[in-house]
1. In Å, the Kirkwood hydrodynamic radius of segment 81-205 over pairs of distinct alpha carbons?
2. Can you grab the distance from the C-alpha centre of segment 72-119 to the C-alpha centre of segment 161-180, Å, no decimals?
3. With a cut-off of 8 Å between alpha carbons and a minimum separation of six or more residues, what is the relative contact order of the chain in percent?
4. Which of GLY300, GLY311, GLY412 moves most in a GNM of the chain, Cα contacts under 10 Å?
5. If each of GLU235 and LYS337 carries a label point 7 Å out from its Cα toward its Cβ, how far apart are those two points in nm?
6. Of all the C-alpha pairs in segment 161-213, what % are more than 19 Å from each other?
7. Starting from one equal scatterer on each C-alpha and no solvent at all, send me the Debye-based log10 I(q)/I(0) for segment 255-301 at q = 0.31, 0.33 Å⁻¹, two decimals.
8. Report, in debye and to the nearest 20, how large the dipole of the chain comes out about its Cα centre when Lys and Arg carry +1 and Asp and Glu carry -1 on their Cβ.
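Here, each number is a calculation from the coordinates, and none is a lab measurement. It should be emphasised that the depicted structure is a prediction, and the values quoted were computed from it without experimental measurement. Here the Cβ positions follow ideal geometry from the backbone for every residue, glycine too, while neighbour counts run over all protein chains shown.
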Amino acid sequence: MSGQRLAIRGDLLEVTADPGFGGKPSSCVRFDADHWLLIEDGRVLGRSASEPDASWTRQDHRGRLLMPGFIDTHVHSPQLGVIASHGAQLLDWLDTYTYPAELRFADPEFAAQASARFLDALLAHGTTSAVVFPTVHKASVDALFEAALQRGMRVIAGKVLMDRHAPDGLRDDLAQGERDCVDLIGRWHGRERLCYAVTVRFAPTSTPEQLGMAGALMAAHPGLYMQTHVAENREEVRWVAELFPGARSYLDVYRQYGLLGQRAVLAHGVWLDAADRVLLAETGAQIAHAPSSNLFLGSGLMSWAQLQDAGAPVTLASDVGGGTSLSMLRTMADAYKIQSLQGVRLTAWKALYAATRGAARALHLEHEIGGFEPGTLADVTAWDWAVGPVALHRDSMARELHERVFAWMTLGDERNLAATWIAGQQLYRRPGV
Ligand SMILES: [Zn+2]
């Protein structure tokens, strides 16, 4: 596709630096109303206020918001079918809903169909990159990576390690788990836009021996990611304390086994203490904050400001199926409410940063995703500012940019999305657009 030139017209918005919690610094935001985003061979070339010449394929989304695609740092590909399941907290929820759904991914054909549906759903919600939990089955990882490869998406994933406290059909063992990981790393890690993550479901479902094996994999293969869950729910935290009496805290279990580092993504982190926050900052491991999941499962209110003060990176995640929407707009709106209950006002800039450039930075992918810097891959989304009479009226009343973007973030969802491009290829378009 050498020489392919695409120009997309719209209101270009990106958050280029961490605005923190102290106010609404406009220096962190770049907004170019009614500009053309110029894309050549799948990469951002620049932007222009005037219409480019006829050598460019032009797509006119004037009056719409053009943004870098969202990055969801924690989501479960096999759980679309159990989203919005009633009446359980974390540990019951896993037994009742999640594990039965995950059993079906042993079947490669089922896994292939489900993975395609999952990635297309991400694209239809404006999410262009994701850190994903498939299942314990090797077939679930092959299927997900294959589907991501076909779409050219940036996906980070790995086989779930789980050798205890899980039902038949969802457990591996030390030797098999390691063989599967080594095989999958060889096949997928670093291929196109795919990276492998050593994926420990959570400390209770791995034996100390398996955690040790996971740490050894991390040490043996530089550049791997690590993903897991930490301190989501109080009952879970108590269980981990019983299972690992030698660890100072739940997070400390992962440190002991060599699993914390610059490429570690830990979902939730609701019940952390000051020493944990320092440990995150020291290692560079990030918390994937999943507000709709924390509310839905009644897990607790994560203190983003305390993590920020400690210097620990925080990104945003849908955590579907515990979360109730793949929409990062819904996720940001829920994050605002969780912080609001703790007396902290999350700005639209801070939320957008965490879901785009901040996530790219925390994942060490800033050169590729999260913004419109020249040279980055053109993962782009076009959004209606408002859908429906209430949002349209609210949008018309906005006096300044932050007010307008905050109302979009709070009232909007995937129905606002008009189109999604991956590396300059349009892969989603709303019917009628
Ligand atoms: Zn999760």
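1. 14.9
2. Going from one Cα centre to the other spans 17 Å.
3. That works out to 20 percent.
4. For the chain, modelled as a Gaussian network with Cα springs under 10 Å, the answer is GLY311.
5. Each label point is offset 7 Å from its Cα along the Cβ direction, giving 2.3 nm.
6. 30
7. Log10 of I(q)/I(0), two decimals: -1.13, -1.19.
8. That gives the chain a dipole magnitude of about 800 debye.
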